[in-house]
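Student: Got a structure here, written out as structure tokens. Questions coming.
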Amino acid sequence: SSLNTIVFHARELALLIEVDARTLAADGDYRAALDKCLSIRRLAHHLVDEGIIGYLVAMPLHGRSFRCVQDVLNSESLEPEVLRWLQAQLSAVQGAPPSPGRAMEITMDDNLEFYHTYPEALARWREDVSTRIGDESARQEFTNLTDEEFLARARELGSSFLSSVNRIIGSEIPYRQKYVELQELKVEWPDQAGNDPNAVLSEDVRDKVDDVLKYHDIYVHWSANFNALRAAIEIYLVKAETGLLPEMLPAHLPEDPFSGQNFEYEKTEEGF
């Protein structure tokens, strides 16, 4: 498929960009090398527009970019102005890795468009939902819906569900509480959608919540890597300006999003 082609070439292109970055670093052109590393992230941002499959490919590309940056930072002592430029690029221009919200919305739209394009598949879905409706009058109401009305109802339920998911993911509550609330949403969602036939149809939407938990964990994992890299740059800045590594972490650094606490820091013979 075209998406598989895009994914394959994106991975290949990211590898070539990384090789170019490492070559530039070996030649001593560290700012150009770092810019190449960051261009992998620019590529990753575009993949999110391909839905959840693109998102699952994009997030490891963010990780490839982070590792590329880290290797350049380790290769030589960089000038403070290069490190400050890198800080600005990471924080103000590119920002943190994207949450899965937009990718999930794109995928929901793509799935509904599939049913709109293939009436046979839509008929099977409608039949499956119909057999699970216990109340006869509700089943008749469901049967009387046109295909457009059925898909519109599914879209409304899906949008409401994703709004609840994205509200939790985007909140400031701790990671563990977010995880619990996403799990609770799995149990409570049908009740929020109403009685037959909405409740039955909403189960098809709700069943995606296990994937939502997985997508959220992937998001937090790479957000942790992003925050760790930003913290490391602060440490490199201290070394570039003073010639020495700090004895403890500088204040006001990004936190580990899993624990909500500061990262651990230890000086070693090779660095930190």
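Student: Being crowded, with 21+ Cβ neighbours inside 10 Å and of a type in the set (Gly, Ala, Ser) is the filter here; which residues of segment 58-73 pass it?
Tutor: Those that are crowded, with 21+ Cβ neighbours inside 10 Å and of a type in the set (Gly, Ala, Ser): Ala58, Ser65.
Student: Filter segment 84-97 down to the residues that are surrounded by 19 or more Cβ atoms within 10 Å (Cβ to Cβ) and not in a helix (DSSP H, G or I) and list them by number.
Tutor: Pro97
Student: Suppose we keep only residues that are touching a Lys or Arg at 6+ places or on another chain (Cβ under 8 Å) and more than 14 Å from Val82 (Cα to Cα) within segment 21-36. Which one would you say is least open to solvent (accessible area, probe 1.4 Å)?
Tutor: By that ranking, first place goes to Ala21.
Student: State which residue is farthest from Asp110 (Cα to Cα) when the search covers only segment 34-52 and only residues that are among the aliphatic types (A, V, I, L, M) and out of contact with any Leu (no Cβ under 6 Å at 6 or more places or on another chain).
Tutor: Checking each candidate, the answer is Leu38.
Student: Show the residue pairs that are 6+ apart or on different chains and have beta-carbon atoms under 9 Å apart, the first residue being within segment 158-181 and more than 17 Å from Pro257 (Cα to Cα) and in contact (Cβ under 8 Å) with a residue 40 or more places away in the chain, the second being assigned to a helix (DSSP H, G or I) and open to solvent by 50 Å² or more (accessible area, probe 1.4 Å).
Tutor: Filtered contacts from segment 158-181: Gly158/Glu105; Gly158/Asp109; Gly158/Asn111; Ser159/Glu105; Phe161/Gln192; Phe161/Arg206; Leu162/Glu105.
Student: Let me ask something else. Hey, does segment 214-234 have a residue that's more than 27 Å from the chain's Cα centre (by Cα) and either hydrophobic (A, V, I, L, M, F, W, C) or closer than 16 Å to Leu90 by Cβ (or both)?
Tutor: Within segment 214-234, none of the residues are more than 27 Å from the chain's Cα centre (by Cα) and either hydrophobic (A, V, I, L, M, F, W, C) or closer than 16 Å to Leu90 by Cβ (or both).
Student: Would you say Glu270 is more than 28 Å from the chain's Cα centre (by Cα) and surrounded by fewer than 13 Cβ atoms within 10 Å (Cβ to Cβ)?
Tutor: When the stated conditions are applied, Glu270 passes them.
Student: Are any residues in segment 37-57 surrounded by fewer than 20 Cβ atoms within 10 Å (Cβ to Cβ) and among the small types (Gly, Ala, Ser), and if so, which ones?
Tutor: Passing the criteria: only Ser39.
The values are calculated or read from the model by the stated rules, or taken from the named source; none is laboratory data. Predicted model only: the values in this text are computed from it and were never measured. Cβ atoms come from the backbone with ideal geometry, glycine included; neighbour counts cover every protein chain shown. Side chains are part of the model used for accessible areas, which takes the heavy atoms of the whole protein and leaves out ligands, DNA and RNA. Shrake-Rupley method; radii C 1.70, N 1.55, O 1.52, S 1.80 Å.
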